[in-house]
Amino acid sequence: MSQISVTSPKHCAKKGGISINHRHKKLFFTFSTFFSGLLLIILLVWLILHPEKPEFSLTEADIYSLNLSSSSTHLLNSSIQLTLFSKNPNKKVGIYYDKLLVYAAYRGQQITSEVSLSPFYQSHEEINLLTAFLQGTELPVAQSFGYQIGHDRTTGKVIIGLKMDGKLRWKIGTWVSGAYRFNVNCLAIVAFGQNMTTPPLASLQGTRCSTTI
């Protein structure tokens, strides 16, 4: 009867059949543990501080011009000055504003070109004043624009939407997050009566803006 010989995995490893690099395995385990711990610390700090989104409020909007160049081509010329406040409500979190684009809209259609504001850093609970002069030169608008403006003139007011699109980063201690897109929407109610022909036409009151991130 023939003899059956069985070789254990341990013997195979000694002979070179199975090669395990314990050093690389140990380094991989060490780095994995380190990065997992670092991510856990960042997550805990984030959850504890939980940064609140910035607050914006429109203080004034002045319309200097809002006229169709001709009724047949439906091209609009506009100029609007706006002033708003930006507040960081966080006590321990700073905000980097990397990109800010502002424009005005009327009944869902853009009526000025986009204006870029300078990037800035906003410290804890800091309030900043932002101003922008918006213009539009022969911007195409809907055919109903002339009728809608005429209707607003008879009612004595026009509602202008002021939009801001941008990117921000949170700063917690020395750690700075990645970039987040955010949008700001403000509404300005501007007096626009039949006898009000001398610019600028000023907003009636300040308004709180909505912010989404």
- Regression test value, accessible area per residue of region 76-213, probe 1.4 Å, units Å², expected 52
- Message: Within region 113-213, what whole-number % of the accessible surface is contributed by carbon and sulfur, with the 1.4 Å probe and all protein chains included in the calculation?
- Response: 51
- What list of whole percents do you get for P(r) of region 91-213, with Cα-Cα distances grouped in 5 Å bins up to the one holding the largest distance? 2, 9, 16, 20, 18, 12, 9, 7, 5, 3, 1, 0
- Query: For residue 26, what accessible area in Å² do you get when you roll a 1.4 Å probe over the heavy atoms of the protein chains, rounding to the nearest 10?
  - Reply: 150
- Query: Once the Cα gyration tensor of region 98-154 is found, what semi-axes does its equivalent ellipsoid get, as square roots of 5 times the eigenvalues, in whole Å, sorted largest first?
  - Reply: 32, 13, 8
- Expected unfolding gain across residue 57-residue 107 under the 0.36 nm per residue rule, minus the alpha-carbon gap, is 16.0 nm
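The values are calculated or read from the model by the stated rules, or taken from the named source; none is laboratory data. Worth saying up front: this structure is predicted, and the values here are computed from it rather than measured. In case anyone asks, the SASA skips ligands and DNA or RNA and just uses the protein heavy atoms, side chains included. Shrake-Rupley method; radii C 1.70, N 1.55, O 1.52, S 1.80 Å.
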